[in-house]
Amino acid sequence: MEQSNKAAEFPKPTHPSNYAGNQVPYGYPQYAPQTFQNAPGQPNYALQGYPAGASYGPLVQNQPSGPSGGAAWMPAPPPPLNCPPGLEYLTQIDQILIHQQIELLEALIGFETNNKYELKNSLGQRVYFAAEENDCCTRNCCGPSRPFTIKIVDNMGQEVITLQRPLRCSSCCFPCCLQELEVQAPPGTPVGYIKQNWHPCLPKFTVQNEAKMDIFKIIGPCVVCSCCQDVNFEVKSMDESSVVGRISKQWTGFVKEAFTDADNFGIQFPLDLDVKMKAVMIGACFLIDFMFFEHTGDKGQRAGVWQ
């Protein structure tokens, strides 16, 4: 199981002197490593520490049956009003680390298995666990272009987010049938959509809310190559004048990149962003992973929108 948190990318916060455990103080965010200029009406965020004398929440005792062992779970904060159940964790954070688990069968013989992911906060505490649900034929015949359902569960094992990707063309040669993904929270209730936009050079996506109104744009590099460096997809306002977040595919080292398709991602977004939109950005990260980074090593990996 992948445990690396890429400490060099995300700073360690300063805890009060009486801090006694790996817990997150309620009401105090984990700040991203750099400042982003947010959409109109939103403040900028910079690295800050936690004040002394902060109170800490209770330890979480229950864990879902899916993953075993691994990192400690993030304590559940009090749910705010009008927050979909299970998304209250997202009110406390402005970045998410997504670590795909290494599957031995897939690494040894190349047999495609269902993907599994840990979603963590910047302290390394597990926030959610995600697992793909797909049949063997679809996984191995359709490859990275396959339709999928990904179920995301919280520390109680309850499904809080469902991601659904239909079968679509994997090339920009067919602009009428580009990639899309629906995000549901709770399952059965759509809260947003990711839709790929046609562009001759750049990977571009539109983030929509539950009413299918355009909220953000996601723009990737012309050449999507993860060799020895991170690949950044910028989240921008609709007029592309300001950056409000980022989805980064992190370089994990030559051995892992060459022999597995297990990837690490980091997502940064404004702390006060609607939790529904935070969930949609998590969905966008999974779609980007399948579109550009699902192949083992360089075998068949897409380098741009035309492949």
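FYI, it's all coordinate maths here, none of it is from the lab. The shown structure was predicted, so the numbers you read here are calculated from the model rather than taken from an experiment. Positions of Cβ are backbone-derived with ideal geometry, glycine not excepted, and every protein chain shown enters the neighbour counts.
Around residue 245, which amide H atoms from residues at least 5 apart in sequence, or from another chain, sit under 5 Å from its own amide H, with H modelled in the peptide plane?
Under 5 Å from the amide H of residue 245: 235.
Could you sort out which of 116/236; 120/151; 249/276; 195/276 sit more than 24 Å apart by Cα distance in this structure?
Where the Cα-Cα span goes over 24 Å, the pairs concerned are 116/236.
Sorted by mean Cβ packing within 10 Å, highest first, what order do the peptides 231-243, 147-159 take?
My ranking of the peptides, most packed first, is 147-159, 231-243.
Go through the stretch 129-139 residue by residue and turn each phi into a ³J(HN,Hα) via Karplus (6.51, -1.76, 1.60, θ = phi - 60°); whole Hz please, and just put x for glycine and proline.
10, 10, 9, 6, 10, 7, 8, 4, 5, 5, 4
Please sort 266-278, 128-140 by packing, taking for each peptide the average over its residues of neighbouring beta carbons within 10 angstrom, highest first.
Top to bottom by mean Cβ count within 10 Å: 266-278, 128-140.
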